[in-house]
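Colleague: Below you'll find the structure I mean.
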Amino acid sequence: MDTEDCQRVTDALDRIGSKWSVLVMMQLDTRPKRFNELRRAAAGISQKMLASTLRGLERDGFVTRTVLPTSPPGAVYALTDLGGELVVPITALGAWVLDNVDRIESARHHFDTAQATETLSPPS
């Protein structure tokens, strides 16, 4: 892979890899949702961050926004075909993490313990 391809992959992964993008896309995998419904489901996300995340996902072709003819006007968000395809590997990655989270946490503990021991030991 050349430098230009690496940059293109990095740019796409910046969007795909954000914790809010993953959470929003997983919420939309079940069915389309309105903004406030997504905000409630994504505990801890600010209104500004959710709006920014949805705009980015829409820009990249993962989400559509449909304005509803209500008063006041509302919008519903849904995954596109591209977004639905992306949910498959995201779900698989999430399942892998859940299967291995104990091993990951154990590795972190061992690393942190070794680092703490090195910090406390005087240089030879």
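The values are calculated or read from the model by the stated rules, or taken from the named source; none is laboratory data. Bear in mind that the values here come from a model prediction, so they are computed numbers and not experimental data. Positions of Cβ are backbone-derived with ideal geometry, glycine not excepted, and every protein chain shown enters the neighbour counts.
Colleague: Out of all the residues in segment 63-97, which are under 19 Å from Arg15 (Cβ atoms) and touching a Ser or Thr at 6+ places or on another chain (Cβ under 6 Å)?
Modeller: If the condition is that a residue be under 19 Å from Arg15 (Cβ atoms) and touching a Ser or Thr at 6+ places or on another chain (Cβ under 6 Å), then Thr64, Ala78, Thr80 are the ones that fit.
Colleague: Moving on. Since Gly44 meets every condition but one in (1) more than 18 Å from the chain's Cα centre (by Cα); (2) surrounded by fewer than 13 Cβ atoms within 10 Å (Cβ to Cβ), which condition does it not meet?
Modeller: The single condition Gly44 does not satisfy is (1).
Colleague: Which pairs do you get when a residue that is closer than 30 Å to Ala41 by Cβ and modelled with pLDDT of 85 or more, found in segment 1-21, comes within reach of a residue that is of a type in the set (A, V, I, L, M, F, W, C) and part of a helix (DSSP H, G or I), reach meaning Cβ atoms under 9 angstrom, with the pair 6+ apart or on two chains?
Modeller: Filtered contacts from segment 1-21: Trp20/Met49; Trp20/Leu50; Ser21/Leu57.
Colleague: Arg39: in a helix (DSSP H, G or I), of a type in the set (D, E, K, R), surrounded by 10 or more Cβ atoms within 10 Å (Cβ to Cβ) and touching a helix residue (DSSP H, G or I) at 6+ places or on another chain (Cβ under 7 Å), yes or no?
Modeller: The answer is yes for Arg39.
Colleague: Another question about this same structure. Could you pull out the residue among Leu68, Leu120, Leu79 that is within 16 Å of Arg31 (Cβ to Cβ) and modelled with pLDDT under 95?
Modeller: Every option except Leu68 fails the conditions.
Colleague: Sort through Pro89, Pro32 and tell me the only one that's at pLDDT below 95 and surrounded by 10 or more Cβ atoms within 10 Å (Cβ to Cβ).
Modeller: Just a single option satisfies the conditions, and that option is Pro89.
Colleague: Moving to a separate point now. Contact list please: Cβ distance under 9 Å, first residue in segment 72-87 and free of Cβ contacts under 8 Å to residues at least 40 places away in the same chain and more than 17 Å from Leu23 (Cα to Cα), second residue of a type in the set (Val, Ile, Thr) and assigned to a loop (DSSP other than H, G, I, E, B), pairs at least six apart or on different chains.
Modeller: none
Colleague: Would you pick out the residues in segment 47-80 that are surrounded by 17 or more Cβ atoms within 10 Å (Cβ to Cβ), in a helix (DSSP H, G or I) and touching a strand residue (DSSP E or B) at 6+ places or on another chain (Cβ under 8 Å)?
Modeller: Correct list: Leu54, Leu57.
Colleague: In segment 82-117, what count of residues is obtained for those that are of a type in the set (Phe, Trp, Tyr) and closer than 18 Å to Met26 by Cα?
Modeller: So the answer is 1.
Colleague: Kindly indicate whether any position in segment 100-119 is in a strand (DSSP E or B) and loosely packed, with under 11 Cβ neighbours inside 10 Å.
Modeller: Checked segment 100-119: no residue is in a strand (DSSP E or B) and loosely packed, with under 11 Cβ neighbours inside 10 Å.
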